[in-house]
Amino acid sequence: MNLIWLVLSGFWLAVGYVVAGVVCCVLIVTIPWGLASFRIANYALWPFGRTVVDRPGAGAPSLLGNVVWIVVAGIWLAIGHVVTGVLLCVTIIGIPLGVANFKMVPVSLMPLGKEIVALP
């Protein structure tokens with residue numbers, strides 16, 4: 001399933017997140033969001049068999065950073081994943097891909113204080 005995902009949508013999502021990460025890293029103040037964007041790009045390439053969990057020890061700075069992220073970009077990314085997920089779910093073959101897109105909504109909405117781990 002990961003290969004189908006990579007060809008149909010994963011590559012393009014990852015490219016978008018990498019571009020956003022580069023822009024955030026060029027603007028020195030936004031480096032934490034850039035690093036989070038690179039993590040999401042990695043997850044977007046190969047989402048099946050992995051999940052997002054809360055990072056232990058992530059506290060108030062992550063929460064404040066996520067609030068800023070939601071206002072600036074997170075809400076638009078989440079809406080994009082929901083719309084793309086609904087469109088992918090129109091076909092039977094696209095349903096697992098749509099579900100993977102829905103799985104990316106929480107991390108695209110609040111990326112700080114999260115880490116991506118392999119499923120056991």
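The values are calculated or read from the model by the stated rules, or taken from the named source; none is laboratory data. What you see is a predicted model; the values in this text were computed from it and never measured. Cβ placement follows ideal geometry from the backbone for every residue including glycine, while neighbour counts extend to all protein chains displayed. Areas reflect the complete protein model, heavy atoms only, side chains present, ligands, DNA and RNA absent. Shrake-Rupley method; radii C 1.70, N 1.55, O 1.52, S 1.80 Å.
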If Ile92 satisfies all but one of (1) outside any helix (DSSP H, G or I); (2) touching a Pro at 6+ places or on another chain (Cβ under 7 Å), what's the number of the condition it fails?
(2)
Which helices (runs of 4 or more DSSP H) sit wholly inside the range 1-86 and have at least 1 residues that are within 15 Å of Val105 (Cβ to Cβ) and either open to solvent by 70 Å² or more (accessible area, probe 1.4 Å) or touching a residue at least 12 places away in the same chain (Cβ under 8 Å) (or both)?
11-26, 31-45, 60-69
